[in-house]
Amino acid sequence: MSTTHAGAAQRTRPALPGTLTLGLARTGYELRTFFRERDAVIFIFAYPVIMLAIFATVFADQSIDMGPGGQLDFKVYFLPGMIATGLLLTSFQNLAISIAVERDEGTLKRLRGTPMPPSAYFLGKIGSVLVTSLAQMVLLLLAARFVFGIGMPDAEGWATFAWVFVLGTASGAVCGVAFSSIPRSGKSASAVATPVVLVLQFISGVF
């Protein structure tokens, strides 16, 4: 009798959601958590726009010699660099710090005790990075177009930008996840990750 009841209970037990479903749910949770930290949101979204404004103002009368292609305004030349640094902040630096903090606070240990697979957790992190990076890029491009008068690319240029954006965001997120294991505590995560971000910006040609 007990065996029959156990078998019936097992048959009526609802199936657990799939990894993708859990990843999407985790993405929503990560986005809500991110936008509640208003100081971090303001810095991440405003930094590329502020840097573009500074360099576009300081070097307003300068241009880059493109050889047979003519002259290129410095603000147009500088815009892709600001897009890259925005992706670096949103993906690499954000994940390297946030995951280290969650590990230090015991969040990862508590999540390990739930049925949610680790892959769903990382899908949520990458999904939130993609959404915030897209919002950041839209804000930056709107400012570039309507405040600084920078022209936008044609259809082929947008297609190239789309796959480079996805590839850059994904690679930055993966590197951020890997780098999060280096800080020994959540308090030191920012001090460890920020110098790496600054060095990467300078050696990559952003500035």
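Under the convention that each Lys and Arg Cβ holds +1 and each Asp and Glu Cβ holds -1, the size of the dipole of the chain around its Cα centre is about 1200 debye.
For the stretch 101-184, the solvent-accessible area with a 1.4 angstrom probe is 58 square angstrom per residue. Residues whose amide H lies under 5 Å from that of ASP73, counting only those 5 or more places away or on a different chain, are ILE64; hydrogens are built 1.01 Å from N in the peptide plane.
In terms of the Cα gyration tensor, with a ≥ b ≥ c the square roots of its eigenvalues, is the stretch 113-200 rounded because a/c is under 1.5, prolate because a/b exceeds b/c, or oblate? Verdict is prolate for the stretch 113-200. Sorting GLU156, GLU105 by solvent-accessible area of protein heavy atoms yields GLU156, GLU105, largest first, with a 1.4 Å probe. For the chain, the longest principal axis of the alpha carbon atoms and the long axis of helix 189-203 meet at an angle near 40°.
Hey, what number do you get for the chain at 222 nm if only DSSP H runs of n ≥ 4 count, each worth -39500 (n - 2.57), divided across all residues, to the nearest 500?
Details: 9 runs with 151 residues, N = 207.
Taken over the chain, the calculation gives -24500 deg cm²/dmol.
On the stretch 164-207, 74 percent of the accessible area sits on carbon and sulfur atoms, based on a 1.4 Å probe. Could you tell me the distance between the Cα centroids of the stretch 23-81 and the stretch 162-180, to the nearest Å? That distance is 17 Å. Helix 2-12 sits at what angle to the longest principal axis of the chain, using alpha carbons and giving 0 to 90 degrees rounded to 10? So the inclination is approximately 20 degrees.
Against the chain, whose longest principal axis comes from its Cα atoms, helix 74-87 is set at around 10 degrees. Sorting 161-167, 139-145 by average packing, meaning the other beta carbons within 10 Å per residue, from highest down gives 139-145, 161-167.
Straight-distance candidates among the lysines for linking to LYS125, with alpha-carbon spacing under 22 Å and chain neighbours fewer than 8 residues away dropped: LYS109, LYS187. Which of these values of semi-axes √(5λ) of the Cα gyration tensor in Å was calculated from the structure shown: [x] 42, 20, 13; [y] 35, 22, 14; [z] 36, 28, 13? Among [x] 42, 20, 13; [y] 35, 22, 14; [z] 36, 28, 13, the one calculated here is [x].
The values are calculated or read from the model by the stated rules, or taken from the named source; none is laboratory data. It should be emphasised that the depicted structure is a prediction, and the values quoted were computed from it without experimental measurement. For neighbour counting, all protein chains shown are included, and Cβ atoms are generated from backbone atoms with ideal geometry for every residue, glycine included. For accessibility, only protein heavy atoms count, side chains too; no ligands or nucleic acids. Shrake-Rupley method; radii C 1.70, N 1.55, O 1.52, S 1.80 Å.
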